[in-house]
1. Shielding by partners for B:100-106, please: the mean number of other protein chain Cβ atoms within 10 Å of each residue's Cβ.
2. When chain A is treated as a GNM, springs tying every alpha-carbon pair under 10 Å, which of A:Pro68, A:Pro146, A:Pro11 comes out with the largest mean-square fluctuation?
3. So how much accessible area does B:Arg44 have, in Å² to the nearest 10, using a 1.4 Å probe?
4. Label B:Glu142 and A:Arg47 with points 7 Å out from Cα along Cα→Cβ: what is the distance between them in nm?
5. Could you do me a favour and compute the accessible area per residue for chain A, 1.4 Å probe, result in Å²?
6. What does the extension gain come out to for A:Ala107 and A:Lys83, with contour length at 0.36 nm per residue minus their alpha carbon separation?
7. Nearest 5 percent is fine: what portion of the DSSP beta bridges confined to the protein assembly as shown is antiparallel?
8. Are there trypsin sites (Lys or Arg not before Pro) in the stretch A:186-233 that DSSP marks as loop and that have at most 13 other Cβ atoms within 10 Å, and which are they?
Amino acid sequence: MSAGRAALLPPSRPEFERETLDARNIGEIERPLSLLERLGNIAALRRLLLLVLLAAVWQAYASWLDNPLIFPTFADTVAALVKGVASGELVARTVTSIKVLVMGYAAGVAAAALLTGFAVSTRIGTDLLTTLTAMFNPLPAIALLPLGLLWFGLGNPSLIFVLIHSVLWAVSLNTFSGFLAVSQTLRMAGHNYGLRGLRYVARILVPAALPAILTGLKVGWAFAWRTLIAAELVFGVSSGSGGLGWFIYENKNELETANVFAGLFTVIMIGLVVESVVFRAVENGTVRKWGMQQ
Amino acid sequence: MALAADSPAPAADTAAPLLEVEGVTLQYKTRQHLVTATYRVDFRVYRGDRFILLGPSGCGKSSLLKGVGGFLKPVEGSIRLNGRAIERPGPDRMMVFQEFDQLLPWKTVKQNVMFPMLASRRCSAREAAERAMAYIAKVGLEKFCDIYPHMLSGGMKQRVAIARAMAMEPAILLMDEPFASLDALTRRKMQDELLLLWEDIRFTMLFVTHSIEEAIIVGNRILVLSPHPGQVKAEINSDRSPDGAASLQRRIRRMLFAEEVEAAGASP
Ligand SMILES: Nc1ncnc2c1ncn2[C@@H]1O[C@H](COP(=O)(O)OP(=O)(O)OP(=O)(O)O)[C@@H](O)[C@H]1O
Ligand SMILES: [Mg+2]
């Protein structure tokens, strides 16, 4: 036993001191990267390259398949997209969709603001929020569409109803947990300046919880966009002109497959632009700049 | 116990006390149990005092400061500022916290210093900006006034917090171990800077620390608290002369240490 202990002693080693090299003699310490290396570091460029590659594969496969009814080529899809934009039909459909989306999203966010405001100020409000979100968050918004149709009839009101449902819970849940996570020190600092009630919420809690709120808004947006397109696919005609989902559905019925692809393309593009341009810009201007994220 | 607890501070004869804490018992109620943080604590702070609350960890120093700040209501006793009972937090008692995250990350250094003045509607925007710059200069951070807090070092953040509190020119400055999380060198520098600022502006402050050394350097009057739950053990005048500081340090250490010896002796 004691021999085992003794064996565990680290070996004794000689001490030494060293002259450190002058930095000039170490060789390469800092140098600008070559152009190719720098280009390779731009994520957007790498992704663009990947997209071009995918488009080429698509084009090759569709040409080989040679069945535009089932799978149009990339060139056909682009042509359909250009035609749709030029004739104004695709643009009009997109605008219809986005109008409804904005209304539903704004209403959902406003409702979320009310609900979380109520939840931070009273205990019954907290209970209400936790219970409601636990109940409704797992429910896909689209499942409420039949009910919406029953209550509000065919048209925008029932679309807005499901949109509110898709936005409300995600935004409330994230905002509320963001509020709860605000540090005790910041809270006390806010009270110390004599801030109370709404001014306290607006000037301390909201900015301090902004990372969580933005996450909620992003998730809510993604839910809303998917829900809207899906709902429009089920029934899209309201006041004469349907939205993007309806455009896709109609063209499928008319076997204009290239147009279907063009519609899907538009859905993806809008999703990408909002997520990686709009929200990105908001984040860069706020939470990233303040060092609250990454 | 009788030690100097009621000998008045030298400058006190002339004016009424600014802050009176009388028989204050502070308690926390958690879901499971009730914790008494301090028991019947008395002390008085006069204008211009650098009043230290000194005691071992957990003796209720922060709780007392929160009581004065208006964040914690005493279950017994009273806390009065200028003769008026403290009811809620307010900008006449600015707090500097121990934590680095007390600055608002979404505001620059200058905006952080301006914020309390604007939020409490104490000054116009122009006046607030002028005052902010003056106090930022006093803590030596002019170069950093447009930078966000996440780009500052810990010591710089504490300096901003001090500037922010002082720019409000509060009746009393409440400081909760503001230098505790700094390295020894920076802490020493900050203590000297704080004293220089005091020479300059002559504010009143209530300063919490668990370091005997810091208490003697920073304070002019030291309240020694017993371990949990905090009770007043002594109130002492500080002495910064080298010999005086050393003997004072020994005296306070004996005072805090005696308790431990007694406690150890009591439970075999
Ligand atoms: N929020 C709280 N809830 C329950 N108990 C608390 C709370 N804050 C402090 N306490 C208790 O009150 C007592 C005093 O705490 P306090 O923070 O005032 O001590 P302190 O003297 O500031 O200690 P330190 O030097 O470590 O900061 C401790 O026993 C602690 O457990
Ligand atoms: Mg403390």
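1. 6
2. Residue with maximal mean-square fluctuation among A:Pro68, A:Pro146, A:Pro11: A:Pro11.
3. Rounded to the nearest 10, that gives 100 Å².
4. Here the modelled spin labels are 4.5 nm apart.
5. 60 Å²
6. 5.2 nm
7. Antiparallel bridges: around 55 percent, rounded to the nearest 5.
8. A:Arg196
The values are calculated or read from the model by the stated rules, or taken from the named source; none is laboratory data. Source: prediction; values computed, not measured. Ideal geometry is used to build each Cβ from the backbone, glycine not excepted, and the neighbour counts take in all protein chains shown. In case anyone asks, the SASA skips ligands and DNA or RNA and just uses the protein heavy atoms, side chains included. Shrake-Rupley method; radii C 1.70, N 1.55, O 1.52, S 1.80 Å.
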